[in-house]
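Working notes, beginning with the structure itself.
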Amino acid sequence: MAKFIIKGGKKLSGEIEVKGAKNATLPILTATLLASGVYTFSNIPELKDVEVMIDLLRHLGLVIKKLAPHTYRITNQGIKNIEAPYELVKAMRASFLVMGPLLGSAKKARVSMPGGCAIGARPVNFHLNGFENLGVKITVDHGFINAEAKELIGAEINLPFPTVTGTENLVMAAVKAKGRTIINNAAREPEVGDLCNLLNKMGAKISGINTDKLEINGVDKLQACDYEVIPDRIEIGTFIILSALFQGKILIKNARLDLLVDFIKKIEKAGIIVEKTGEYISAKIFKKINPLKVATEPYPGFPTDLQPQLMVLLNLANGDSTIEENIFENRFRQVPELNRLGAKITIFEKTATITGVEKLTGTEVTATDLRAGAALVLAGLIAENTTTINEAEHLERGYEDLVGRLQALGADIKKQT
Ligand code: EPU
């Protein structure tokens, strides 16, 4: 258990660099199960979740070596094991992303059932129904999902909801299926696109990338290749809010605004000016923060992964804002914690109402999940006095060396274990 201790109110300034996208890295790593050979991946973020995925891939028989910071070599000399054990799936739900590529390459997988998690029930029924459409037989025993097919056969899959990891899993199963697969209502998140671009570089035939209709023409063989992961748009959004909270004194390097169109539109409506100067992005508050009405949606809508951080900005708005959460049923766990810091937020069904306050004041709070934790760090940096964030290890799943990077900007933050 780690704690972050933040003495708020320090003036932050300087440069912060965006790392590679966690949610692109995880499926991209699993895609190496699809073809033997040697891969070199760059812009891989150094995160707990990435370590868990590397452990899992090693367990399945891949050889992984870190060549330099953010650069890894993965050698697939054949899959030795098709089972993803309980400890690794429990440590990270995204471990379920090995099922699609294992089916694609070995036609067989046994993956521990991912349970609920802090942000909601998160079932995998859409993944499994899609696999069944491709001719896979699914059975469940002793908490494991077994998937097996004599042959995967292309089919039309209609997703009831554009599930991100579901789309990724199905694409990875379909790339080596016989014939053509169509995925309707596919997730359009840029991380899905990044995975598809890698797969095409490996020899797959995927069209409709970044649209809600993916067409995959199965191929017999794929080959290993090198690939650079896109920047993390959730880090970009988190740092834009950070920059605004410190009046543009924080310059963000490696940011791509095209990955965050709806987010930028919304925060500009709140009176934030986002500026690009050379290779840097910064943001500042123009006069005051206007209240907003926001609803989270699948991409290209406002991302659920930035809703807790936006809430911190809206705590300081000039009036009442609302955030409607439409992706996960339990993603307002930051609310009671922000209220401990002096925020005024109420929740009714899936909408939070945030009444602007003059200031936040530090106290002891708990990070219940990764993005709730990010919101508490932002709040702690602008709050008066000391904020102690318990269970801060959640932040290490998605933000590389956050403490070090914030210290470099002048923040008084330390980690205690
Ligand atoms: N859903 C189902 N059945 C399924 C799949 C999804 O009912 O078979 C429901 C979920 O319960 C949820 C909704 O559909 O209510 C959307 O879930 P989705 O499957 O899209 O989420 P995910 O793939 O599990 C990814 C990211 C999340 C991000 C969401 C939404 C990865 C590894 N994870 O999760 O990232 O919040 O998409 O954009 O890509 C994070 O980084 O903090 C994080 C949680």
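Points worth noting:
- Taking other residues whose beta carbon is less than 11 angstrom from the beta carbon of Glu83, and scoring Lys, Arg as +1 and Asp, Glu as -1, yields +3.
- Note on the range 301-343: semi-axes of the ellipsoid equivalent to its C-alpha gyration tensor, largest first and rounded to whole Å, are 18, 13, 8.
- Cα centroid separation, the range 253-285 to the range 51-68 (Å): 35
- Relative pair counts by distance (%), Cα atoms of the range 110-186, 5 Å bins: 3, 16, 26, 24, 19, 9, 3, 1
- Note on Gln223 and Thr40: the extension gain reaches 64.6 nm, defined as 0.36 nm multiplied by sequence separation minus the Cα-Cα distance.
- The eigenvalues of the Cα gyration tensor, multiplied by 5 and square-rooted, give the range 261-409 an equivalent ellipsoid with semi-axes of 21, 20, 17 Å from largest to smallest.
- Close lysine pairs were tallied over the range 271-381: pairs 8 or more places apart or on different chains with Cα atoms under 23 Å apart number 13.
- Near Ser321: Cβ cut-off under 14 Å, other residues only, Lys/Arg at +1 and Asp/Glu at -1. The net charge is +2.
- Both radii are taken from the alpha-carbon atoms of the range 337-417; with Rh as the Kirkwood radius, Rg/Rh is 0.98.
- Between amide H atoms placed 1.01 Å from N, distances below 5 Å from Val294 occur with Thr322, Ile323, Glu324, all of them 5 or more places distant or on a separate chain.
- Sorted on the mean count of surrounding Cβ atoms within 10 Å across their residues, most packed first, peptides 74-82, 403-411, 130-138 read 130-138, 403-411, 74-82.
- For the chain, the solvent-accessible area with a 1.4 angstrom probe is 40 square angstrom per residue.
- With semi-axes defined as the square roots of five times the eigenvalues of the C-alpha gyration tensor, the equivalent ellipsoid of the chain measures 38, 21, 20 Å, largest first.
- Sorting the segments 186-192, 284-290, 65-71, 121-127 by their residues' average number of neighbouring beta-carbon atoms within 10 angstrom, most packed first, yields 186-192, 121-127, 284-290, 65-71.
- Placing pseudo-labels 7 Å out from each Cα toward the beta carbon at Phe161 and Glu384 gives an inter-label distance of 4.2 nm.
- Label-point gap, in nm, between Asn339 and Ala295 - each point 7 angstrom along Cα→Cβ: 2.5
- Rolling a 1.4 angstrom probe over the chain with all protein chains present gives an accessible area of which 49% lies on carbon and sulfur atoms.
- Under 9 Å, Cβ to Cβ, from Leu292 - net charge with Lys/Arg +1 and Asp/Glu -1: +3
- Remark: the Lys11-Thr211 segment gains 67.8 nm on full extension, using 0.36 nm per residue and subtracting the alpha carbon distance.
- Alpha-carbon spread of the range 134-291, three principal axes, descending order, Å: 64, 34, 29
- Prolate/oblate/rounded call for the range 225-317, Cα gyration tensor, a/c under 1.5 rounded: oblate
- Accessible area per residue was computed with a 1.4 Å probe on protein heavy atoms; Lys415 scores about 100 Å².
- Length-normalised contact order of the chain in % [C-alpha pairs under 8 Å, at least 6 apart]: 21
The values are calculated or read from the model by the stated rules, or taken from the named source; none is laboratory data. Here the structure is a predicted model, which is why all the values come from computation and not from measurement. All Cβ positions, even for glycine, are placed from backbone atoms using ideal geometry, and neighbour counts span all protein chains on display. Please note that ligands, DNA and RNA were not included when accessible areas were found on the heavy atoms of the full protein model with its side chains. Shrake-Rupley method; radii C 1.70, N 1.55, O 1.52, S 1.80 Å.
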